[in-house]
Amino acid sequence: MTELTPNTIATLFANCQAKEERLRTLVQLSKQLPLITPEQKIEANTVKGCESQVWLAVKYDAETEAYFFTGASDAKLIRGVLTILLVHVNGLTGEQIHALDLAGALQQLNLSSYLTSSRSNGISAIIERIKALTAS
């Protein structure tokens, strides 16, 4: 796969003709998640409110004021969604991240058929956690 950007992800999903292709693309994206280290899989990095286990760790670059996230999940689909979210936010400032409509970005990819209501709630919890970690 090429370098991931919000535009390349949108193009990947736009080229999917069938539900199975979307699922396959999401699973492929899950393999490109910037992974958290085993030492970072601690309670403080756990995202509460997710059906599956999800961890988010963040590094802040004071010089550029940019945030860089890594993550992990025990569920492939959530790892794929997490990859998409992190592609959207990594390297941005807190102000830029808070201005993003991350839920809207996911809706545009038409992933709702793979997401049960509890998974959707978990994704909302991930988005809330990203925003909380980047609050001034």
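We did not get these values from a lab; they are worked out from the coordinates using the rules stated. The model shown is predicted, which means the values in this text are computed figures rather than measured ones. When we count neighbours, we look across all protein chains shown, and the Cβ atoms used for this are built from the backbone with ideal geometry, even at glycine.
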Practice task
Check whether at least one residue in the stretch 24-35 is over 22 Å from LEU111 (Cβ atoms) and crowded, with 19+ Cβ neighbours inside 10 Å, and report yes or no.
Solution key: no
Practice task
Answer yes or no: is there a residue in the stretch 110-118 that is out of contact with any Leu (no Cβ under 7 Å at 6 or more places or on another chain), in a helix (DSSP H, G or I), surrounded by 17 or more Cβ atoms within 10 Å (Cβ to Cβ) and of a type outside the set (Lys, Arg).
Solution key: no
Exercise for the section: Grab the helices (runs of 4 or more DSSP H) fully contained in the stretch 1-96, keeping just those with 3 or more residues being out of contact with any helix residue (DSSP H, G or I) (no Cβ under 6 Å at 6 or more places or on another chain) and among the polar types (S, T, N, Q). Expected result: 6-14
Handout entry: Any pair with Cβ under 9 angstrom, 6 or more apart, that starts in the stretch 12-24 at a residue that is without any contact (Cβ under 8 Å) to a residue 60 or more places away in the chain and ends at one that is surrounded by fewer than 12 Cβ atoms within 10 Å (Cβ to Cβ) and not hydroxyl-bearing (Ser, Thr, Tyr)
Key = LEU12/MET1; GLU21/ASN15
Practice task
Determine which single condition ALA103 fails, assuming it passes every other condition in (1) within 23 Å of ASN7 (Cα to Cα); (2) touching a Phe, Trp or Tyr at 6+ places or on another chain (Cβ under 9 Å); (3) not acidic (Asp, Glu).
Solution key: (2)
